[in-house]
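Right, one structure below, let's go through it.
Every number here is computed from the coordinates shown, using simple stated rules; none is lab data. Predicted model only: the values in this text are computed from it and were never measured. For neighbour counting, all protein chains shown are included, and Cβ atoms are generated from backbone atoms with ideal geometry for every residue, glycine included.
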Amino acid sequence: MSNPSSLQVLNLGHHIHSSFEKSIIERTMQYIKDRTEGFDDHFPCRKMNCKLKHVKQWLDLFASMHNSNIVTPEPSLLLWSLDRISAI
């Protein structure tokens, strides 16, 4: 349980989720886990003692592009991103 004083400092209210909301959250998290496992099955990391930094950077790039609603990214942006990922 979170500390009530931290909720006050952040000016947040306490909220209890309904069973339906919890179910939706659980299904969403399971979907993300399944998709991540599927990605790993197709593109496994072969580095020894991998810290998954390249995976985090790929996810950050994907989320950034998705959240900015890029319909047709500039080719220079894609090349820069691919160069950055492949350098890891």
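Calculate, for residue 14 and residue 65, the FRET efficiency according to 1/(1 + (r/R0)^6) with r their C-beta to C-beta distance and R0 41 Å; round to the nearest 0.05. Plugging the Cβ-Cβ distance into 1/(1 + (r/R0)^6) gives 0.75.
The shape of the range 1-44 comes out oblate: with a ≥ b ≥ c from the C-alpha gyration tensor, a/c is at least 1.5 while a/b does not beat b/c.
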